[in-house]
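Participant: There's a structure below that I have some questions on.
The values are calculated or read from the model by the stated rules, or taken from the named source; none is laboratory data. Since the structure is predicted, the reported quantities are computational estimates derived from the model, not experimental observations. Because the Cβ atoms are built from the backbone with ideal geometry, glycine has one as well, and the counts that use them run over all protein chains shown.
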Amino acid sequence: MLEIRNLQVSISTTEILKGINLNVQKGEVHAVMGPNGSGKSTLANVLAGRPEYEVTHGAALFEGQDLLGMTPDERARRGIFLAFQYPVELPGVRNRQFLKAALDSVREHRGEDELSVRDFNKIFDEAVQSLEIDPELIKRSVNEGFSGGEKKRSEMLQLSLLNPKLALLDETDSGLDIDALKTISKGINRHRNKHNAILLITHYQRILNYITPNQVHVLIDGSIAMSGGEELAKELEAKGYDWVKEDIRS
C-alpha cells in the first residue's frame with residue numbers, strides 16, 4: 001500500500017530525513033519509534049502533504065501512485081488520514097457539519113452517494129458513544145475548549161467515520177491517562193482490518209500493550225536504525241534509545 005524509497009527531506013535548508021526506506025502492506029500496523037528530533041513527525045507530515053517540507057530526493061508511492069505529486073486534499077480523498085500530535089481548534093466549524101462534509105467528499109471520490117442526514121447522524125452518534133465522548137463536547141466547534149485527551153478522542157471519531165486506507169497517527173497516545181489510552185487503542189483496533197494500514201508514531205511502548213504492531217522501526221537522526229517485531233518495542237522500553245545509538249556506533 002505504501003512504499004517509501006530513499007526519502008530525503010529538508011526544512012529551511014536543514015536536512016531532517018536522510019534516506020527512509022519503508023514498505024507497509026494492507027492489513028499491517030507499523031510502529032515508528034524514536035527520541036525527540038529524530039524525524040518521526042516529519043515523516044508523517046510529509047506523507048500527508050505539509051507544504052513547508054522540501055523533498056530533496058527519493059519517492060513515496062501510495063497504491064502504486066506517486067504520492068508526492070498529489071495535493072494534500074487529493075491525498076485525503078484517496079484515503080490518507082493524519083492524526084496530529086497537537087490537534088488544532090477550528091472555531092466556528094461545528095463537529096457534526098465538519099465531519100459530514102469530509103465524509104461526503106470522500107464518498108464522492110469513491111463514486112458513492114452522499115449519506116442522508118439521518119443515516120450520517122446514526123453512525124456519528126454510535127461512534128461518539130463507542131469512543132466515550134461527552135455528547136455536549138460535540139456540540140462545540142472542532143476541538144474548541146477540548147482537553148488534550150478529548151482532542152485525541154475527537155480525532156479517533158474522525159478516523160472511525162472517514163475509514164481511511166492509510167492512517168498516519170502522530171503520537172496519538174501523547175498526554176493520555178490510562179483510561180483514555182485504552183479507549184483510543186480500542187478505536188484504533190476497531191479500525192484495523194485487512195483492507196487498510198496504520199503507521200503509528202510514538203515515543204513509548206505503552207500504547208503497543210494494546211495495539212500489536214506487525215513491525216517496529218526505530219528512527220534515529222533521520223534514518224531507520226533498526227527494525228523488528230513487537231519485542232523490539234519492549235527492549236527499547238527497558239534499554240532506552242541510547243542502546244540503539246551505541247549499537248549503531250559499534
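Participant: When segment 121-151 is examined, which residues are found to be part of a helix (DSSP H, G or I), among the hydrophobic types (A, V, I, L, M, F, W, C) and either buried (at least 19 other Cβ atoms within 10 Å of the Cβ) or at pLDDT below 90 (or both)? Don't jump to the end; show me each part of the working.
Facilitator: Initial filter on segment 121-151 (part of a helix (DSSP H, G or I)): 121-130, 135-138, 148-151.
Checking which are among the hydrophobic types (A, V, I, L, M, F, W, C) leaves us with 123-124, 127-128, 137-138.
Selection gives Phe124, Ala127, Val128, Leu137, Ile138.
Participant: Looking at Ile224, Ile207, which is the one that is of a type in the set (A, V, I, L, M), under 14 Å from Glu171 (Cα atoms) and modelled with pLDDT of 90 or more? Lay out the reasoning, then the answer.
Facilitator: Working: Ile224 fails: under 14 Å from Glu171 (Cα atoms).
Ile207 is the lone residue from the list that is of a type in the set (A, V, I, L, M), under 14 Å from Glu171 (Cα atoms) and modelled with pLDDT of 90 or more.
Participant: Okay, next question. May I ask you to list the residues in segment 162-182 that are in contact (Cβ under 8 Å) with a residue 12 or more places away in the chain and over 26 Å from Asn23 (Cα atoms)? Explain how you work it out, then say what you get.
Facilitator: Of segment 162-182, the ones in contact (Cβ under 8 Å) with a residue 12 or more places away in the chain are 162-177, 180-182.
Within segment 162-182, Gly175, Leu176, Asp177, Ala180, Leu181, Lys182 meet the criteria.
This table checks each residue for (1) among the charged types (D, E, K, R); (2) closer than 27 Å to Leu99 by Cβ; (3) assigned to a helix (DSSP H, G or I).
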site	(1), (2), (3)
Ile184	no, yes, yes
Lys194	yes, yes, no
Pro213	no, no, no
Ala233	no, no, yes
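Participant: While we're on this one: Please return the ranges of strands (runs of 3 or more DSSP E) entirely within segment 10-97 where 1 or more residues are of a type in the set (D, E, K, R) and either touching a residue at least 40 places away in the same chain (Cβ under 8 Å) or surrounded by 13 or more Cβ atoms within 10 Å (Cβ to Cβ) (or both). Talk me through it step by step, then tell me what you get.
Facilitator: Details: elements: 14-24, 29-33, 54-62, 80-83, 90-94.
Ranges flagged: 14-24, 54-62, 90-94.
Participant: Restricting segment 193-226 to residues that are loosely packed, with under 14 Cβ neighbours inside 10 Å and among the polar types (S, T, N, Q), which is nearest to Val9 (Cα to Cα)?
Facilitator: At the first step, the residues of segment 193-226 found to be loosely packed, with under 14 Cβ neighbours inside 10 Å are 193-195, 212.
When the remaining residues are screened for being among the polar types (S, T, N, Q), the result is 193, 212.
Numbers: Asn193: 31, Thr212: 29 Å.
Filtering segment 193-226 for residues that are loosely packed, with under 14 Cβ neighbours inside 10 Å and among the polar types (S, T, N, Q), the one nearest to Val9 (Cα to Cα) comes out as Thr212.
Participant: Another question, if that's okay. With respect to Ser154, is the statement that it is of a type in the set (S, T, N, Q), buried (at least 19 other Cβ atoms within 10 Å of the Cβ), in contact with a helix residue (DSSP H, G or I) (Cβ under 9 Å, 6 or more places away or on another chain) and in contact (Cβ under 8 Å) with a residue 40 or more places away in the chain true?
Facilitator: On the way: of a type in the set (S, T, N, Q): yes; buried (at least 19 other Cβ atoms within 10 Å of the Cβ): yes; in contact with a helix residue (DSSP H, G or I) (Cβ under 9 Å, 6 or more places away or on another chain): yes; in contact (Cβ under 8 Å) with a residue 40 or more places away in the chain: yes.
Spelling it out, Ser154 is indeed of a type in the set (S, T, N, Q), buried (at least 19 other Cβ atoms within 10 Å of the Cβ), in contact with a helix residue (DSSP H, G or I) (Cβ under 9 Å, 6 or more places away or on another chain) and in contact (Cβ under 8 Å) with a residue 40 or more places away in the chain.
Participant: Which condition breaks for Tyr241 when tested against (1) under 11 Å from Val32 (Cα atoms); (2) surrounded by 16 or more Cβ atoms within 10 Å (Cβ to Cβ); (3) more than 18 Å from the chain's Cα centre (by Cα)?
Facilitator: It is condition (1) that Tyr241 fails.
Participant: Another question, if that's okay. Looking at Ser185 and the list (1) buried (at least 17 other Cβ atoms within 10 Å of the Cβ); (2) touching a residue at least 60 places away in the same chain (Cβ under 8 Å); (3) under 16 Å from the mean Cα position of the chain (by Cα); (4) farther than 15 Å from Leu168 by Cβ, which single condition is not satisfied?
Facilitator: (2)
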